[in-house]
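The values are calculated or read from the model by the stated rules, or taken from the named source; none is laboratory data. Just so it is clear, the structure is predicted and the values come from calculations on it, not from any experiment. Note that we place each Cβ from the backbone using ideal geometry, even for glycine, and neighbour counts take in every protein chain shown.
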Amino acid sequence: MYKIYINDTPLLLILQPESGLPPAGEDDLVARYPGKSKFLLHYVNMLENTRRWDQIRLFSPDPAGMWSDFQKHFDREETAGLVITNDSGTMLFRVDDSRRSLPVSEIAPGCTAEETAREIARDLTGIDDWPASSELPATYRTLRREKRRILQRTHWYRMTPERELPDLDPESFEWVTADAIRQMPSSIPAHIRSILT
């Protein structure tokens, strides 16, 4: 299965079961992929312009082929993202108005995703000696830049510092618990919630 977040709604590309398509729900759209990539673009446009659905599930006997067709409509971007936690498991978020996010940076040529995540940690805190990181599941989401469609893959890493972090601007950063993430879903992008809850 492939999961791509478009305008905060998951589009799922799934192997079609032999028994046929599963039933759709009121907020869950289900369709069979006929093998034409323009069909996928129809659902991309739909999700870019509405949040009517909780998810859209597209089924095919060849989900890898459907995924390959999907990517033809996008420029690719590889990024690394960082989840900084303290000893109690609380996570550090950036705050922008009422939205919260995690720091992400594009992976430079010649760098690995983990090296990029460590660079984010150094730039954010000034601390050089970070312990080993743990890798979280990667996420895919789509973006628009001018007239270009971008498919962004983010490789996520979790790091916990061995010493206290320097004071960070309380208007720009906030420590958030996992329970709080579940209680304020609209303020945290869905692709980020998917790796933390």
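Figures for the structure shown
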{"quantity": "Per-region count, the stretch 62-109, residues modelled with pLDDT under 95 and outside the structural domain of residue 185 (by TED's automatic domain parsing)", "calculated": "0"}
{"quantity": "In the stretch 128-139, residue nearest to the chain's Cα centre (by Cα) [restricted to those that are buried (at least 17 other Cβ atoms within 10 Å of the Cβ) and under 13 Å from residue 160 (Cα atoms)]", "calculated": "133"}
{"quantity": "Candidate set: the stretch 49-71, residues that are acidic (Asp, Glu) and surrounded by fewer than 16 Cβ atoms within 10 Å (Cβ to Cβ); chosen: the one nearest to the chain's Cα centre (by Cα)", "calculated": "54"}
{"quantity": "Enumerated strands (runs of 3 or more DSSP E) restricted to the stretch 1-96, each holding at least 3 residues that are under 30 Å from residue 110 (Cβ atoms)", "calculated": "2-6, 75-84, 91-96"}
{"quantity": "Residue within the stretch 35-48 that is touching a residue at least 60 places away in the same chain (Cβ under 8 Å), surrounded by fewer than 19 Cβ atoms within 10 Å (Cβ to Cβ) and in contact with a strand residue (DSSP E or B) (Cβ under 8 Å, 6 or more places away or on another chain) present", "calculated": "yes"}
{"quantity": "Candidate set from the stretch 159-195 (those that are part of a helix (DSSP H, G or I) and at pLDDT 90 or above); member that is nearest to residue 124 (Cα to Cα)", "calculated": "192"}
{"quantity": "Residue match in the stretch 116-138 (condition: of a type outside the set (Val, Ile, Thr) and part of a strand (DSSP E or B))", "calculated": "yes"}
{"quantity": "Options 112, 142, 125; residue that is of a type in the set (Ser, Thr, Tyr), surrounded by 13 or more Cβ atoms within 10 Å (Cβ to Cβ), in the same structural domain as residue 83 (by TED's automatic domain parsing) and closer than 29 Å to residue 70 by Cβ", "calculated": "142"}
